[in-house]
Amino acid sequence: MPKDDVDRLARMFKALSNPNRLRLFLNLLEESKLDLAKGRIHDCFLVKLLGGLELGAPTVSHHVKELADAGLIHTQREGKQLICSVDPEGLAELRAALTTTF
């Protein structure tokens, strides 16, 4: 596997190694799995994803930035709301890395 691919996967795994980021990402996946199965990108307000996470705004902002920088999610501002969606390419890359047999 090329070094760039390994580095990109390492960033993804590092982002997901934090329990709060992993919960946030899994919440977004759960929210969007039907649309992803149909090949559509599902947008979700960040507020809806935070159920069960007791985090302050600066912490949430940091976690969202880490997930976006790792190529796992996309974010977009709509007024005061932050809309998040799973990055289908990042998810496919992560899935391929986890299902590859050696």
### Query
Taking segment 63-102 as the search range and keeping residues that are of a type in the set (Ser, Thr, Tyr) and out of contact with any Asp or Glu (no Cβ under 7 Å at 6 or more places or on another chain), which one is surrounded by the fewest Cβ atoms within 10 Å (Cβ to Cβ)?
THR101
### Task
Give the residue that is surrounded by the fewest Cβ atoms within 10 Å (Cβ to Cβ), with candidates limited to residues of segment 1-51 that are modelled with pLDDT under 80 and among the β-branched types (Val, Ile, Thr).
VAL47
### Task
Please determine, by comparing only the residues of segment 65-88 that are within 8 Å of the chain's Cα centre (by Cα) and β-branched (Val, Ile, Thr), which one is modelled with the lowest pLDDT.
VAL86
### Query
Only one of (1) surrounded by 14 or more Cβ atoms within 10 Å (Cβ to Cβ); (2) modelled with pLDDT of 70 or more; (3) in a loop (DSSP other than H, G, I, E, B) is not met by GLU54, so which one is it?
(1)
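The values are calculated or read from the model by the stated rules, or taken from the named source; none is laboratory data. Being a predicted model, the structure only gives us computed values, none of them experimental. Note that we place each Cβ from the backbone using ideal geometry, even for glycine, and neighbour counts take in every protein chain shown.
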